[in-house]
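What follows is one structure encoded as structure tokens, with my remarks underneath.
The values are calculated or read from the model by the stated rules, or taken from the named source; none is laboratory data. Everything numeric in this text was worked out from a predicted model, so none of it was measured. A quick note on method: Cβ atoms are made from the backbone with ideal geometry, for glycine too, and the neighbour counts reach across all protein chains shown.
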Protein chains: 2
Amino acid sequence: MDTRAKIRLFVDAPLGADQSILMNRDQANYLFNVMRLSVGAWVSVFNGTDGEWQAEVVEATKRKGILVARTQSRPQMDPPDLWLLFAPIKKARTDFIVEKATEMGAARICPVNTDYTNSDRIRQDRLQAHAVEAAEQCGGTFVPPVDALAKLTTVLDNWPDDRRLLFCDEKKVGEIVANLADEQGDKWAILIGPEGGFSDAETTHLKSLDFVSSISLGPRILRADTAAVAALTVWQNALGDW
Amino acid sequence: MDTRAKIRLFVDAPLGADQSILMNRDQANYLFNVMRLSVGAWVSVFNGTDGEWQAEVVEATKRKGILVARTQSRPQMDPPDLWLLFAPIKKARTDFIVEKATEMGAARICPVNTDYTNSDRIRQDRLQAHAVEAAEQCGGTFVPPVDALAKLTTVLDNWPDDRRLLFCDEKKVGEIVANLADEQGDKWAILIGPEGGFSDAETTHLKSLDFVSSISLGPRILRADTAAVAALTVWQNALGDW
């Protein structure tokens, strides 16, 4: 029988047996007003590093509360070392990309500015909150960090030696998907373009880099959020934790 | 050089050389008011069966207009014979599933009622309009029909002899994804559950059917719209047109 509490909460606190966890105002409001939990109720909690714990409510008021972690219900499970680089698009779609990247097991989310990027600033805190919410919802114990917005060229110029980059090339539409299972290396990143794709200069530059492999995502042009899920699926299925 | 017009429009009319196409009021408003096209401009049009054509605007007023198809710019490309069965969820997510299924090349979209389905009616016309819009956007020449809502049990009881069903089983989370490339048959359907998954009775019934193969979509629980894209990717990559 699955005795894990249905409500899952990310907490910014160490977790271990008999560890007390102080709820902030938002969390107290959610648990005790919205979800109407009271003393003695159980909550699943995780902090991104110590696995998932079953915690008991020991104090509950409208504005604060204390949980105590009792038993670990899941070990910490970090995703494979896969980053998702994407060009921020319209707000709702950007939120979706962060949500989906978290569900799909990206280890780090990197918004990058490209030649055709529609917007040139992001709300990093808001996107990070979406990643937390998605981790709560999908049953994961890991929350991918959302980086600050950086220029694609800067990111490529400072690329780590030991990581490969999978470039989802719209112009390859109709070509066969590369056989990822033949690829080497356990550190990867996926790069998804904005609406309108990459500029010719970007495409030429990307193809000239020896850490880049390019793939097609089928014969139709996918929206950026669809492409993110599709590319993460292809990678997870061939090289990841599926 | 790509000389295809950027604006793509689905038209409910036969297409062939020198065929006139009467714009309805919405289309005329979009082309001539919103996009500010005038006589002599070009539009890419498709009707779901005759490929994509480059059509010239020959008459343009605020409320109506006439295009004439001149040359075929793409042959008709139907997707593989893959249906997507999904349980309608919250409105925005249901819209997303239809959009993504179209982009990902589903040939038919079948909303099904399950034991845990949140809503028991759909706006079929609205969902069909989303499929049309997604086809316009993704460069496809095919628009998947969106069926009326049916009960999953009814659909399974009347299942065609020659079609296999891929059951995305949340309870398999953590198990290895089946190797689809070993599966037989060219007619398939994918079944995605609602939030909360399938009931035990549904799972037992599905597993007892000889046309059903079940797969896991990785170790995290995916939202229904994420699961739809992921399952379509796995299938297209192994058996479809990627």
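Below is a table of values for the structure above.
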{"quantity": "Selection from the range B:67-94 of residues that are charged (D, E, K, R) and within 12 Å of chain A (Cβ to nearest Cβ)", "calculated": "B:74, B:78, B:93"}
{"quantity": "Count - residues of the range A:207-229 that are buried (at least 19 other Cβ atoms within 10 Å of the Cβ), in contact (Cβ under 8 Å) with a residue 40 or more places away in the chain and of a type in the set (A, V, I, L, M)", "calculated": "6"}
{"quantity": "Matching residues, the range A:95-138, being of a type in the set (D, E, K, R) and away from chain B (no Cβ under 14 Å)", "calculated": "A:108, A:115, A:120, A:121, A:123, A:125, A:126"}
{"quantity": "The lone exception for residue A:62 - which of (1) part of a strand (DSSP E or B); (2) over 27 Å from residue B:196 (Cβ atoms) it fails", "calculated": "(1)"}
{"quantity": "Filtered residue count, the range A:31-59, keeping only those that are outside any strand (DSSP E or B), touching a residue at least 12 places away in the same chain (Cβ under 8 Å) and over 25 Å from residue A:79 (Cβ atoms)", "calculated": "9"}
{"quantity": "Residues (surrounded by fewer than 17 Cβ atoms within 10 Å (Cβ to Cβ) and either under 13 Å from residue B:66 (Cβ atoms) or more than 28 Å from the chain's Cα centre (by Cα) (or both)) located in the range B:26-41", "calculated": "B:33, B:36, B:38, B:39, B:40"}
{"quantity": "Breaking point among (1) at pLDDT 95 or above; (2) touching a Pro at 6+ places or on another chain (Cβ under 9 Å); (3) hydroxyl-bearing (Ser, Thr, Tyr), for residue B:71", "calculated": "(2)"}
{"quantity": "Residue list for the range B:74-88, filter: crowded, with 19+ Cβ neighbours inside 10 Å and not in a loop (DSSP other than H, G, I, E, B)", "calculated": "B:82, B:83, B:84, B:85, B:86"}
{"quantity": "Residue in the range B:165-179 that is among the small types (Gly, Ala, Ser) and at pLDDT 70 or above present", "calculated": "no"}
{"quantity": "Hey, residue B:13 in contact with a Phe, Trp or Tyr (Cβ under 9 Å, 6 or more places away or on another chain) and over 14 Å from residue B:59 (Cβ atoms) or not", "calculated": "no"}
